[in-house]
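As structure tokens, the structure follows; a few thoughts come after it.
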Amino acid sequence: MTGCTGPEPATEDAGLRDPAKKRIAMQLVSSAENSSLDWRAQYAYIEDIDDGRGYTAGIIGFCSGTGDLRDVVERYAAARPGNPLERFLPALRTVEGSASHAGLGRPFTDAWAKAADDPEFRSAQDGERDRAYFDPAVERARGDGLGALGQFIYYDAYVMHGAGDTDGEDGFTTIRRRALSTARPPAKGGAEQAYLDAFLDARVAAMRQEAAHSDTSRVETAQRVFVREGKLGLETPLRWKVYGDSYRVDGG
């Protein structure tokens, strides 16, 4: 896949950093965020899904209200100065922390969709995804002794909840801490499946704190299924459901 760094060579213990496994991770997230396995088609995606975070956009749902959408535009501006999105940076800084569209609106959403034709914009999305979500999640999971499935489970939690708590909602750090209070990770001598079940229990509890995330199918009929099937290396074929829709991946 494309990104701000070249693909790493596949090795036996590469986990989610194996390009084939990473591709599967992108498909899994896209099934939940965009109801499609075609994650590469989502660079142009942008809409307000009425979750209080303003615009949701791009390959993992960067949000204007949380600031990671602004991070993407800043990264793009550094790579392509004077691009059509750069002029919206002051407005993006102003609306951060709210659902407001002030200074954005149709001119911004049209510019975002059009920018998706530019490889530098796609690279900016890839780079911000990896910097803020994928890389820290995989590193933390590897430290806990988790294989590719556990690394993906951490990554998906980072994507939805962020690293830290915000506005009374639990972030990844709190979810992991609650899981560790009930089960040991493999790095501490625990059983991997038992620990992942504990982590998913903690995540479901966090999701139910927020109306926009009250549907827990991306956990219960996807990730939990893989854990119970023993697909700890994210081995294919994988079959799952999200929001009632069925998906299948036969290979990387």
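Per-structure values
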| item | result |
| --- | --- |
| Cα centre as origin, Lys/Arg/Asp/Glu Cβ charges: the chain dipole, Debye | 360 debye |
| The chain: relative contact order in percent, alpha carbon pairs under 8 Å with at least 6 residues between | 16 percent |
| Dipole moment magnitude, nearest 20 debye, region 15-57 about Cα centre, only Lys, Arg, Asp, Glu C-beta charged | 440 debye |
| Accessible surface of the chain, 1.4 Å probe, proportion on carbon and sulfur as whole % | 47 percent |
| Solvent-accessible area per residue, Å², over the chain with all protein chains present [probe radius 1.4 Å] | 43 Å² |
| Potential lengthening between A79 and I49 on full extension [0.36 nm per residue; Cα-Cα distance subtracted] | 7.9 nm |
| Extension reserve of the S217-A205 stretch, reckoned as 0.36 nm per residue once the Cα distance is removed | 3.0 nm |
| Spacing of the two label points (7 Å from each Cα toward its C-beta) at E139 and S98, in nm | 3.4 nm |
| Over 29 Å [Cα-Cα, the chain], rounded percent | 28 percent |
| Mean-position separation - Cα centroids, region 202-248 and region 52-115, in angstrom | 29 Å |
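The values are calculated or read from the model by the stated rules, or taken from the named source; none is laboratory data. Please read all numbers here as calculations on a predicted model, not as lab measurements. Here the Cβ is made from the backbone with ideal geometry for all residues, glycine too, and neighbour counts use every protein chain on show. Quick note on the areas: whole protein, heavy atoms, side chains included, nothing else; ligands and nucleic acids left out. Shrake-Rupley method; radii C 1.70, N 1.55, O 1.52, S 1.80 Å.
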